[in-house]
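Let me begin by presenting the structure, written as structure tokens, before commenting on it.
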Amino acid sequence: MTNHTDEPGPITYACAVCGEVNETTFDPEAGDAQEFIEDCRVCCRPNVVRVYYDRELGAMQVEASFEE
């Protein structure tokens, strides 16, 4: 999933288990490549969320995978 934005902020990702769309925030102070674990708000299963932000293009790539 790729979001195009001028300012990073809220981002969405699909849960790797149930497919439900979740929203989280991108912290620009934490760097352009981030990885964190977040539980799905519907099925409560943990997702490893990876976010890559390209400042030049203003584009953000978001990936979520199931954490076992």
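Quick notes on this one:
- Region 30-67: chymotrypsin sites (Phe, Trp or Tyr not before Pro) in DSSP coil with no more than 13 other Cβ atoms inside 10 Å: none
- Stretched out straight at 0.36 nm per residue, the stretch from Arg41 to Cys18 would grow longer than its current Cα-Cα span by 7.2 nm.
- Answer label for semi-axes √(5λ) of the Cα gyration tensor in Å (calculated), chosen among [x] 22, 11, 9; [y] 27, 19, 11; [z] 20, 12, 9: [x]
- Computed 3J(HN,Hα) for region 28-42, one whole-Hz value per residue from the Karplus formula 6.51 cos²θ - 1.76 cosθ + 1.60 where θ = phi - 60°, is x, 6, 8, x, 7, 10, 10, 9, 8, 9, 9, 6, 5, 6, 9, glycine and proline marked x.
Each value in this text was obtained by applying a stated rule to the coordinates, not by laboratory testing. None of these values were measured; they are calculated from a predicted model. Because the Cβ atoms are built from the backbone with ideal geometry, glycine has one as well, and the counts that use them run over all protein chains shown.
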